[in-house]
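Worksheet: the structure to be examined is printed underneath.
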Amino acid sequence: MIKELTVRTSGKEDFVDVTEKVKRILENSNTDEGTVTLFVPHTTAAVTINENADPDVKSDMIRTLNRMVPEDWHYDHMEGNSPAHVKASLVGMSEIVPIQRGKMLLGTWQGIYFCEFDGPRTRKLYIKISD
Amino acid sequence: MIKELTVRTSGKEDFVDVTEKVKRILENSNTDEGTVTLFVPHTTAAVTINENADPDVKSDMIRTLNRMVPEDWHYDHMEGNSPAHVKASLVGMSEIVPIQRGKMLLGTWQGIYFCEFDGPRTRKLYIKISD
Amino acid sequence: MIKELTVRTSGKEDFVDVTEKVKRILENSNTDEGTVTLFVPHTTAAVTINENADPDVKSDMIRTLNRMVPEDWHYDHMEGNSPAHVKASLVGMSEIVPIQRGKMLLGTWQGIYFCEFDGPRTRKLYIKISD
């Protein structure tokens with residue numbers, strides 16, 4: 001079963017917490033054991049799992065990635081969004097989370113983030129439930 | 001079903017587009033729904049999914065990774081390829097792509113790249129199709 | 001089948017080789033073909049696969065990540081461990097390894113590392129075997 005989630009991002013960089021939406025999709029699938037595969041079908045966006053308690057973690061991550069991959073380095077790609085392509089590959093476009101007794105085995109502080117690096121845009125996230 | 005793809009890389013760093021080869025393996029497997037797992041059995045190479053329209057994206061990514069992990073920092077490892085090991089872990093050695101109606105759910109601009117960081121070499125990429 | 005591995009880390013940063021433990025779990029599962037999913041349920045730790053022959057690779061990787069994400073950049077998050085959160089998302093919290101004839105298809109030099117970025121702590125790694 002594959003579900004497509006529509007994610008509306010704000011600003012050039014944005015981490016959108018989609019944990020509750022993925023949980024609901026899993027609940028509706030009635031899957032007891034298996035895996036949730038998260039896949040981003042874009043080249044300037046990514047998916048990660050990180051702290052969703054303090055919103056400062058999110059903004060620190062965005063700012064740190066911007067310092068690591070500065071806009072003012074030399075890039076040839078004419079669209080001017082090469083830093084976003086690099087960040088997408090560093091963070092990654094696929095993750096896989098085990099399911100146990102109908103729930104994702106996320107840690108207490110873990111949330112699933114859709115990561116925008118070239119927004120704002122309307123994006124897609126694929127969620128595949130395998131048993 | 002697991003297939004092994006042989007990838008010949010050029011130069012020290014190289015991103016080789018293997019999308020069409022992976023598509024052909026999937027077609028031959030006659031798998032309608034499931035996942036494609038990509039796995040690199042090397043420690044100085046990786047796999048990622050990114051833009052395959054403008055070749056400048058590929059060279060920008062290679063150049064940016066080289067600036068992020070400079071050769072002239074201090075490394076102890078005697079083989080002298082520690083930057084390649086770091087890049088391999090940053091980009092990652094496994095990805096998973098959902099299959100729907102016999103096709104990988106790749107976005108319009110997404111291609112699968114085998115990423116060489118310590119070439120040129122003859123490398124392997126494992127492709128596992130699960131239904 | 002999901003197994004939980006307890007990992008005791010030493011020092012602020014630490015890469016703990018868990019390859020043999022994962023191999024034993026796979027052997028006990030009597031799984032011939034499938035995948036091993038590795039998942040870290042923490043927000044300042046990660047999992048990667050890299051060289052486990054020369055221990056210098058491990059220390060080079062830790063030192064390089066510390067240079068890439070310096071402690072003395074500005075971070076807002078009050079707990080003061082934002083660099084660890086960033087490193088966790090760069091290295092990643094999930095990996096998937098194909099199984100063939102009862103064994104993980106790891107390359108000759110590949111070992112599985114639990115990556116600590118905010119230790120020392122007692123941590124968990126989930127190992128899911130799917131056939």
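When each copy gets a label point 7 Å from Cα toward the beta-carbon at A:P120, what are the spacings between them in nm, shortest first?
Going from nearest to farthest copy, the values are 4.8, 4.9 nm.
Enter the angle in degrees (range 0 to 90, nearest 10) between the Cα long axis of helix A:55-68 and the first principal axis of the Cα atoms of chain A, meaning the one along which they spread out most.
Approximately 40 degrees, to the nearest ten.
In the P(r) worked out for the protein assembly as shown, what percent of Cα pairs fall beyond 28 Å?
40
Per residue of A:116-129, count partner chain C-beta atoms within 10 Å of its C-beta, then hand back the mean as an integer.
1
What does the copy distance list look like for B:R24, label position 7 Å along Cα→Cβ, in nm and ordered from shortest?
The projected label point of B:R24 is separated from its counterparts by 4.4, 4.4 nm.
Report, for C:K3, each distance to the same residue's label point in the other copies, shortest first and in nm; define the point 7 Å along Cα→Cβ.
Computed spacing set for this position: 3.2, 3.2 nm.
Taking 1 over the mean of 1/r across every pair of different Cα atoms in the range A:2-130, what Kirkwood radius in Å do you get?
Numbers: mean 1/r = 0.0655 Å⁻¹.
Evaluated over the range A:2-130, this radius sits at 15.3 Å.
How tilted is helix C:82-91 with respect to the longest principal axis of chain C? Cα atoms for both, answer in degrees (0 to 90, nearest 10).
The angle comes out near 30 degrees.
Ignoring everything except DSSP H segments at least 4 long, calculate the 222 nm mean residue ellipticity for chain C; use -39,500 (n - 2.57) per segment, divide by total residues, nearest 500.
Result for chain C, helices only: -8000 deg cm²/dmol.
Would you list, by chain and number, the aspartates and glutamates whose Cα falls below 19 Å from the Cα of B:K12, excluding same-chain residues fewer than 8 positions away?
B:D56, B:D60, B:E71, B:D72, B:E79, B:E116, B:D118, C:E51
What size of dipole, in debye to the nearest 20, comes out for the protein assembly as shown about its Cα centre when the only charges are +1 on Lys and Arg C-beta atoms and -1 on Asp and Glu C-beta atoms? Could you put the intermediate results ahead of the total?
Working: 48 positive and 60 negative charges, 200 e Å.
It works out to roughly 960 debye.
Given springs between every Cα pair under 10 Å in a Gaussian network model of chain C, which of C:G111, C:G80, C:G102 has the largest fluctuation?
Between C:G111, C:G80, C:G102, it is C:G80 that shows the largest mean-square fluctuation.
Counting Lys +1, Arg +1, Asp -1, Glu -1, what net charge surrounds A:K23 among other residues with beta carbon under 13 Å of its beta carbon?
Numbers: positive: A:K3, A:K21, A:R24, A:K103; negative: A:D17, A:E20, A:E27.
Neighbourhood net charge equals +1.
Hey, rough spin-label estimate for B:E33 and C:N66, points 7 angstrom out along Cα→Cβ, what's it come to in nanometres?
Distance between the two pseudo-spin positions: 4.9 nm.
Between 0 and 90 degrees, rounded to the nearest ten: what's the tilt of helix A:19-29 against the longest Cα principal axis of chain A?
40
Assign unit charges at the C-beta atoms only (+1 for Lys and Arg, -1 for Asp and Glu), then state the dipole size of chain B relative to its Cα centre in Debye, rounded to the nearest 20.
360
What average count of beta carbons from other chains do you get within 10 Å of the Cβ of residues in B:17-29?
0
Reachable lysines from B:K3, Cα under 23 Å, same-chain residues fewer than 8 places away excluded?
B:K3 reaches A:K128, B:K21, B:K23, B:K103, B:K124, B:K128, C:K23, C:K103, C:K128.
By the scheme Lys and Arg +1, Asp and Glu -1, what is the net charge of all other residues having a beta-carbon under 9 Å from that of A:D32?
-1
Between A:R24 and B:R8, with labels modelled 7 Å along Cα→Cβ, what's the label distance in nm to one decimal, could you check?
5.3
Which of B:L90, B:L26, B:L65 ends up with the largest GNM mean-square fluctuation for chain B, with Cα atoms connected below 10 Å?
Fluctuation is largest for B:L90.
Cα centroids of the range B:1-74 and the range A:60-89: how far apart, whole angstrom?
20
Dipole of the range A:49-124 (Lys/Arg Cβ +1, Asp/Glu Cβ -1, origin at the Cα centre): which of A:P55, A:I96, A:F114 lies farthest to the positive side?
Value: A:I96.
A short reminder: the numbers here are calculations on the coordinates, not readings from a lab. Note that this is a predicted model, so its numbers are computed, not measured. Methodologically, a virtual Cβ is constructed for each residue, glycine included, from the backbone with ideal geometry; neighbour enumeration extends over all protein chains shown.
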